[in-house]
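Okay, structure first, notes after.
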Amino acid sequence: MQKKIIQIFLFLWFPYLVNSQSIVNTVHNLSAGSTGSIKATTETEICIFCHTPHGSAPVGPLWNRDDPGLTYTLYNSSTIDALPGQPDGSSILCLSCHDGTIALGNIYSEIADISMLSGVTTMPVGKSNLSQLLNDDHPISFVYNSSLVLTDGKLKDPASITLPVELENEKVQCTSCHDPHNNTYSKFLVTSSQYSALCLSCHERPNWINSSHKNSDATWTTTNPWTHTDYTTVSENACENCHRPHSAGSSELIMKYPVGEDNCLDCHNGNVALSTKNIETHLSKYSAHNVSDIAYEGIHDANEAALVSVQHVECADCHNPHAARQNTQIAPNVKGANEGVKGIDQSGNPVDPISYEYELCYRCHADSPNKPASATSRSIVQNNVRLEFDINNPSHHAVTGVGENNSVPSLISPLTVSSIIYCTDCHASDGSGPLPDDPPLGPHGSIYPTILKYNYETTDGTPYLATNFELCYTCHSEASILSDNTFGEHYVHIVVEATSCNVCHDPHGISISQGNTTNNTHLINFDISAVSLAAGQRIFVDEGINTGYCLLRCHTRGHSEAMSRY
């Protein structure tokens, strides 16, 4: 009698079921007449695998399967504000097949299991078998209400969520995203995932509207990194460029791959991004922000403090993939590639998001207890670049504000004494630039030490070549420097004595807490491996514009006031 009722139901609804891409034409049709590979040997009914008009389980909708009765490992993340519970509602019904523990033919209304072809019993191992480990799947069975939206700050108000996306008793469940009877949009989605339309029904990321990952029409070139979608452009894949809602590679943020940088380098290795912007190549250079360093693995956390307490570097420390974009900015304003990330301001306070590029660098290179040490041993030791760039210092490169020196005739136009520069004007991938065929901007990796954009020879005694100081000469005129326009002994020191700029000048600056306007103007802070004490002193004395002297010993020769006055 039961089968007869189901047959009548199918007869009446068959034209609708066929024409609407319903269950009849999907893999959820497990009957013997299905075109799928997983199906019954003789059972011709379709609905019976989930529903029965009589003798159903004590849950709707006329459910014909047992509750798995299991305890599941739930999704968890440092960034989640929702409280996922053990699956309930429609989600536990879906899991009666999709956790792989109950036979597909095991139905509530029959004593014996329905026999399946090819020896299939439970859901085969694969993407559809979610197992009891739901920590690599989008969270379900949690309350989604206005309180959660207020706490999270990146979700849409539930009142604005409209059909076909639907909450079930104020909860997100499997059926919020999936319609088990209709596969029009593939994977039984309730609406299209193209351009992440489904994701954006609930998620609302700041700056996403202008981001490159939303708007780029770039396509894959050699190996398709989007094997789990049918789309080919960055904009079409959107969220799924990096995330997988089910069976993700990482249980943290349901990323495609468990290793953080792999989610970025999947595309930024010349595979999708321009081959000339192959970030992976630069990250493997002599001096680099080595995101692949095994010692850094697992340290970064998306919810970590702005001030880095344990030394590490990952792509996501400097880039927010939901906000990053191409744009043109004027120093020191944050560039589009670094929009939406956290940092430390010039006062040492955390900021989120940053407004200036240097605030990003300060995460690791300022007050961090594990900050890298200076590459040069100096008279005044300071490894905190925030203090070195303080605008109150006796001298500093013009990164956080205009420099202290009002007379710098060596500057190359359009630079003036009122100009401000970026950290990345010096620290960047070697040869990087704004043109399409230039290497990528940013301090990813360089053939030169300390990730410098151009060569800067710091070894004292190296015979003079202009190319040894290519970094300096991108802003300062070689001709002006060697003509002694600002210091009467530049030519002798640099060319004749083969003295590196680095021996006398500290390129970041000298903190006001350690230096003064008599001894530390013009970035003077001696390299003590090349400059030793003379008469117990190692100082420079500034006596005004283009006037001063040194007391020190350099190249085994002592400099007295009389000898070095200029």
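The values are calculated or read from the model by the stated rules, or taken from the named source; none is laboratory data. In this text the structure is predicted, and so the values were computed from the model without any measurement. With ideal geometry, Cβ positions are generated from the backbone for all residues, glycine too; neighbour counts draw on all protein chains shown.
Looking at the range 420-430, can you tell me whether even one residue there is farther than 30 Å from ASN278 by Cα, at pLDDT 95 or above and assigned to a loop (DSSP other than H, G, I, E, B)? Don't jump to the end; show me each part of the working.
Looking only at the range 420-430, we keep the residues that are farther than 30 Å from ASN278 by Cα, and these are none.
The answer is no; no qualifying residue exists.
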Leading residue by the ranking (surrounded by the most Cβ atoms within 10 Å (Cβ to Cβ)) among those in the range 378-389 that are assigned to a loop (DSSP other than H, G, I, E, B) and in contact with a strand residue (DSSP E or B) (Cβ under 7 Å, 6 or more places away or on another chain): PHE389
Members of the range 470-506 that are in contact with a His (Cβ under 6 Å, 6 or more places away or on another chain) and not charged (D, E, K, R): ILE481, THR499
Residue satisfying all of: in the range 431-448; more than 21 Å from the chain's Cα centre (by Cα) and more than 21 Å from TYR358 (Cβ to Cβ); modelled with the highest pLDDT among these: ILE447
Qualifying positions in the range 431-461 - under 20 Å from ILE330 (Cα atoms) and either of a type in the set (S, T, N, Q) or not in a loop (DSSP other than H, G, I, E, B) (or both): SER432
Conditions (1) of a type in the set (Val, Ile, Thr); (2) under 20 Å from LEU167 (Cβ atoms); (3) in contact with a strand residue (DSSP E or B) (Cβ under 8 Å, 6 or more places away or on another chain); number of the one not met by ILE92: (3)
Subset of the range 461-499 that is of a type in the set (Gly, Ala, Ser) and touching a helix residue (DSSP H, G or I) at 6+ places or on another chain (Cβ under 8 Å) - its residue that is surrounded by the fewest Cβ atoms within 10 Å (Cβ to Cβ): ALA466
So SER212, is it farther than 19 Å from ASP137 by Cα and surrounded by 17 or more Cβ atoms within 10 Å (Cβ to Cβ): yes
Selected residue (only one of ILE451, ILE412 is modelled with pLDDT of 95 or more and more than 23 Å from ASP484 (Cβ to Cβ)): ILE451
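Answer with yes or no whether TYR286 is touching a helix residue (DSSP H, G or I) at 6+ places or on another chain (Cβ under 9 Å) and over 26 Å from TYR75 (Cα atoms). Even if it seems obvious, please write down each step before you answer.
Values: touching a helix residue (DSSP H, G or I) at 6+ places or on another chain (Cβ under 9 Å): yes; over 26 Å from TYR75 (Cα atoms): yes.
For TYR286, the condition - touching a helix residue (DSSP H, G or I) at 6+ places or on another chain (Cβ under 9 Å) and over 26 Å from TYR75 (Cα atoms) - is met.
Being among the hydroxyl-bearing types (Ser, Thr, Tyr) and more than 24 Å from ASN327 (Cα to Cα) is the filter here; which residues of the range 419-475 pass it? Walk me through it before giving the result.
Our first condition is that a residue be among the hydroxyl-bearing types (Ser, Thr, Tyr); within the range 419-475, this holds for 419, 422, 424, 429, 432, 446, 448, 450, 454, 456, 458-459, 462, 464, 467, 473-474.
Result: TYR448, THR450, TYR456, THR458, THR459, THR462, TYR464, THR467, TYR473.
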Matching residues in the range 340-367 - criterion: being assigned to a loop (DSSP other than H, G, I, E, B) and either buried (at least 23 other Cβ atoms within 10 Å of the Cβ) or among the hydroxyl-bearing types (Ser, Thr, Tyr) (or both): SER347, ILE354, SER355, ALA366
The range 286-322: number of residues that are surrounded by 15 or more Cβ atoms within 10 Å (Cβ to Cβ), among the hydroxyl-bearing types (Ser, Thr, Tyr) and part of a loop (DSSP other than H, G, I, E, B): 1
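Please tell me if ALA248 is more than 20 Å from CYS318 (Cα to Cα), assigned to a loop (DSSP other than H, G, I, E, B) and among the aliphatic types (A, V, I, L, M).
Numbers: more than 20 Å from CYS318 (Cα to Cα): yes; assigned to a loop (DSSP other than H, G, I, E, B): yes; among the aliphatic types (A, V, I, L, M): yes.
So ALA248 fits the description; yes.
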Unique residue being in a loop (DSSP other than H, G, I, E, B) and on the phi > 0 side of the Ramachandran plot when the list is GLY105, GLY85, GLY69: GLY69
The range 394-420 residues that are touching a residue at least 12 places away in the same chain (Cβ under 8 Å) and surrounded by fewer than 18 Cβ atoms within 10 Å (Cβ to Cβ), paired with ones that are among the aromatic types (Phe, Trp, Tyr) and in a loop (DSSP other than H, G, I, E, B) (beta carbon under 9 Å, 6 or more apart): GLY401/PHE389
In the range 152-206, residue surrounded by the fewest Cβ atoms within 10 Å (Cβ to Cβ) [restricted to those that are in contact with a strand residue (DSSP E or B) (Cβ under 7 Å, 6 or more places away or on another chain) and acidic (Asp, Glu)]: GLU170
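In this structure, does SER31 turn out to be in a loop (DSSP other than H, G, I, E, B) and crowded, with 17+ Cβ neighbours inside 10 Å? Break it down stepwise before answering.
On the way: in a loop (DSSP other than H, G, I, E, B): yes; crowded, with 17+ Cβ neighbours inside 10 Å: yes.
Yes; evaluated as a whole, the condition is true for this residue.
When only residues in the range 38-78 that are in contact (Cβ under 8 Å) with a residue 60 or more places away in the chain, farther than 17 Å from THR122 by Cβ and not hydroxyl-bearing (Ser, Thr, Tyr) count, which is surrounded by the fewest Cβ atoms within 10 Å (Cβ to Cβ)? So that I can check it myself, show each step before the final result.
First, the residues of the range 38-78 that are in contact (Cβ under 8 Å) with a residue 60 or more places away in the chain: 38-43, 48-50, 70-78.
If we keep only those that are farther than 17 Å from THR122 by Cβ as well, we get 42, 48, 71, 73-78.
From the residues that got through so far, the ones that are not hydroxyl-bearing (Ser, Thr, Tyr) too are 48, 74, 76.
Working: ILE48: 22, LEU74: 18, ASN76: 11.
The selected residue is ASN76.
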